[in-house]
Amino acid sequence: GSTIGIVGGGQLGMMLAVKAKQYGYKIVVWTGGSESPAAKFADATVDGAYDDPASLAEFVAAADFATVEFENLPVEMLRQLEQEIPLSPNSNAIYTCQRRDLEKTFLRENNIPRAMFELVHNADELAKAVERVGAQGVLKTASFGYDGKGQQRLHGGEDLAQVWQDFGSDCAVFEQWVQFEKELSIMVARDAEGNCVFYDPAENVHRHHILDHSIVPARASDEVMENARQIAQKIVEALDYQGIMGVEFFLKADGQLVVNEMAPRPHNSGHHTMDACETSQFEQQLRAVAGLSLGSTRLLSPVVMLNLLSDVWKNSGDQPDWNPLWDDGSATLHLYGKAYVKGRRKLGHVNFLAKDGLADPLDRAKTIQQKWFAEV
Ligand code: ATP
Ligand code: MG
Ligand code: MG
C-alpha cells in the first residue's frame with residue numbers, strides 16, 4: 001500500500017511525514033483534535049478523538065498501514081486498528097511502553113536490569129513498597145506521565161497516606177532512587193524479518209525534568225555501549241517489535257546500566273540523527289514500518305542536540321534571535337511550528353555538528369544557550 005497512517009499529530013509525526021513524502025508515500029495523520037505540526041505535511045487528517053469509532057473507521061479506510069508517533073493512546077483502539085490494517089509496532093508493544101506498571105513488570109519478567117520497584121494501588125501498598133524498596137525513591141503514575149509529570153520524589157519521613165491521597169492515581173509504581181553517574185539512551189530499529197540496527201548511544205542531560213541536550217556519542221566505555229545494544233536487542237525481540245524504539249538508561253558509577261523506560265517511536269534523544277547520521281531516526285522508522293530494509297546508522301560526525309524549550313522565547317509571538325546560530329558555522333535549526341506557550345514546551349531543537357576549526361559542539365551549544373537565556 002502507498003498511504004501511511006500516523007496516529008498522533010505532534011512534531012515526531014511531522015518529521016516522519018516529511019520523510020514519508022520524500023519516499024513517495026501519501027500520508028494520513030490522526031491528530032486526535034490537538035494542535036498538529038504533522039497535519040501541515042499530510043494529504044488527509046482525521047481530527048476526532050482517539051476513542052471515537054467513526055474516526056477509527058475513517059483512519060483505517062484512508063491508510064494502508066499505520067504507526068504511532070506517541071504511545072498514550074487507548075489500547076482498545078490500537079487493537080481494533082490492528083485488526084483492520086497492519087500496525088507496527090504491535091499494539092501489545094505500544095501498550096507495554098505506555099503503562100509504567102506493565103513496562104516495569106516486562107523488564108522484571110525478562111530479567112532486564114531495572115531499578116527495584118513495587119506496584120502500588122493504595123496507601124497500604126505504598127507503605128509496603130517503601131519498606132521493601134527503601135525510603136529514597138520516586139512514585140510514578142502508571143499512565144500518562146511524561147517530562148517528569150505524574151512523579152513524586154520521596155525521601156523518607158513523609159505521611160504516606162497523605163502522599164497517596166494527594167498523588168491522585170489509582171495505579172502507580174514506586175521505584176528506588178538510582179544514584180546514577182549519567183543518563184544514556186539508545187535508538188534501536190527492528191525490521192519485519194527481525195534484523196536490528198543500533199545508533200550510537202546518546203548522553204542525556206535534563207533541566208527541570210525535561211531533556212535539555214544530548215551528546216553523541218555518549219562519553220562511556222565500549223563495554224557500556226555494547227551492553228546498551230544488547231539490552232535494547234533483548235527488549236525489541238521480547239516484544240516482537242517492528243519499528244524504532246528509544247531505550248533510556250541510567251549509568252551507575254560501577255558501570256552497570258539500568259533501564260529507565262522505553263519509547264515505542266522516535267525519541268527526542270535521537271534528533272541528532274537528522275543531520276549527523278546516514279539515516280535519520282524518522283527515515284528508519286518509515287523503513288521499518290513500511291517493510292523496507294533498514295538503513296545505515298553510521299554517525300557522520302559527533303554532535304550535540306540542544307532542545308529549544310519555550311522558555312528561550314521572550315514573549316508570545318516573539319522569536320529568539322537565531323543569528324548567533326549562523327555565526328556558529330555548523331548548526332542546524334529545526335522548528336516544529338507550534339504555538340508559544342509560557343513554560344517549557346518543546347518548540348524545536350538545534351544540532352551542533354563537530355567540525356574542524358570550530359570549538360567543541362558542547363561548548364558551542366552552551367555558549368548559545370547562555371546568550372538566549374540572558375534575554376529571558
Ligand atoms: P520522559 O518520558 O519525558 O522521558 P517521564 O515523565 O517518563 O519523562 P522518567 O524518564 O521516568 O519520566 O523520569 C524523568 C527523569 O527523572 C529521568 O530522566 C531521571 O533524570 C529522573 N529519574 C526518574 N526515575 C529515577 C530514579 N528511579 N532514580 C533517579 N532518577 C530518576
Ligand atoms: Mg516517559
Ligand atoms: Mg524518560
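Any idea how many residues of the stretch 281-301 are at negative phi and surrounded by fewer than 24 Cβ atoms within 10 Å (Cβ to Cβ)? Show your work before the answer.
First, pick out the residues of the stretch 281-301 that are at negative phi: 281-290, 292-301.
Applying the additional criterion that residues be surrounded by fewer than 24 Cβ atoms within 10 Å (Cβ to Cβ) yields 287, 290, 292-301.
Within the stretch 281-301, residues that are at negative phi and surrounded by fewer than 24 Cβ atoms within 10 Å (Cβ to Cβ) number 12.
Identify, from the list GLY194, GLY156, the residue that is assigned to a loop (DSSP other than H, G, I, E, B), loosely packed, with under 14 Cβ neighbours inside 10 Å and within 16 Å of ligand 1 (Cβ to nearest atom). Walk me through how you get there before you give the answer.
Details: GLY194 fails: within 16 Å of ligand 1 (Cβ to nearest atom).
Testing whether each residue is assigned to a loop (DSSP other than H, G, I, E, B), loosely packed, with under 14 Cβ neighbours inside 10 Å and within 16 Å of ligand 1 (Cβ to nearest atom) leaves just GLY156.
If I ask for residues that are touching a helix residue (DSSP H, G or I) at 6+ places or on another chain (Cβ under 9 Å) and more than 16 Å from ligand 2 (Cβ to nearest atom), which ones from the stretch 245-270 would you list?
Kept after step one, since they are touching a helix residue (DSSP H, G or I) at 6+ places or on another chain (Cβ under 9 Å), are these residues of the stretch 245-270: 245-249, 251, 255-257, 259, 261-268, 270.
Hits for the stretch 245-270 are LEU251, GLY255, GLN256, LEU257.
If you check ASP200 against the conditions, is it away from ligand 1 (no atom under 16 Å from the Cβ), in contact (Cβ under 8 Å) with a residue 24 or more places away in the chain, assigned to a loop (DSSP other than H, G, I, E, B) and buried (at least 18 other Cβ atoms within 10 Å of the Cβ)?
On the way: away from ligand 1 (no atom under 16 Å from the Cβ): yes; in contact (Cβ under 8 Å) with a residue 24 or more places away in the chain: yes; assigned to a loop (DSSP other than H, G, I, E, B): yes; buried (at least 18 other Cβ atoms within 10 Å of the Cβ): yes.
Against the criterion (away from ligand 1 (no atom under 16 Å from the Cβ), in contact (Cβ under 8 Å) with a residue 24 or more places away in the chain, assigned to a loop (DSSP other than H, G, I, E, B) and buried (at least 18 other Cβ atoms within 10 Å of the Cβ)), ASP200 qualifies.
How many residues does the stretch 260-277 hold that are within 16 Å of ligand 3 (Cβ to nearest atom) and either of a type in the set (D, E, K, R) or in a helix (DSSP H, G or I) (or both)? I'd like the intermediate steps shown before the answer.
Here is the first cut: in the stretch 260-277, the ones within 16 Å of ligand 3 (Cβ to nearest atom) are 260-271.
Filter once more, keeping what is either of a type in the set (D, E, K, R) or in a helix (DSSP H, G or I) (or both): 261, 265, 268-270.
Result for the stretch 260-277: 5.
Report yes if some residue within the stretch 162-172 is within 16 Å of ligand 3 (Cβ to nearest atom), surrounded by fewer than 17 Cβ atoms within 10 Å (Cβ to Cβ), assigned to a loop (DSSP other than H, G, I, E, B) and not polar (S, T, N, Q); otherwise report no.
No, every residue in the stretch 162-172 fails to be within 16 Å of ligand 3 (Cβ to nearest atom), surrounded by fewer than 17 Cβ atoms within 10 Å (Cβ to Cβ), assigned to a loop (DSSP other than H, G, I, E, B) and not polar (S, T, N, Q).
So is ASP328 among the charged types (D, E, K, R) and buried (at least 19 other Cβ atoms within 10 Å of the Cβ) or not? Lay out the reasoning, then the answer.
On the way: among the charged types (D, E, K, R): yes; buried (at least 19 other Cβ atoms within 10 Å of the Cβ): yes.
When the stated conditions are applied, ASP328 passes them.
Where in the stretch 278-376 are the helices (runs of 4 or more DSSP H), entirely inside, with at least 3 residues that are more than 18 Å from the chain's Cα centre (by Cα)? Reasoning before the result, please.
On the way: elements: 281-289, 323-328, 361-375.
Because the criterion is at least 3 residues that are more than 18 Å from the chain's Cα centre (by Cα), the helices (runs of 4 or more DSSP H) in the stretch 278-376 that meet it are 323-328, 361-375.
What tally of residues in the stretch 181-197 results from selecting those that are within 28 Å of SER143 (Cβ to Cβ), more than 16 Å from ligand 2 (Cβ to nearest atom) and of a type outside the set (Lys, Arg)?
2
Spot the failing condition for LYS21; the list is (1) in contact with a Phe, Trp or Tyr (Cβ under 7 Å, 6 or more places away or on another chain); (2) surrounded by 23 or more Cβ atoms within 10 Å (Cβ to Cβ), and only one is missed.
Only one criterion in (1) in contact with a Phe, Trp or Tyr (Cβ under 7 Å, 6 or more places away or on another chain); (2) surrounded by 23 or more Cβ atoms within 10 Å (Cβ to Cβ) is unmet by LYS21, namely (2).
Each reported figure results from applying straightforward, stated rules to the coordinates on display, with no laboratory input. Values in this document were obtained by computation on a predicted structure and should not be read as measured data. Every residue, glycine among them, receives a Cβ derived from its backbone with ideal geometry; neighbour counts consider all protein chains shown.
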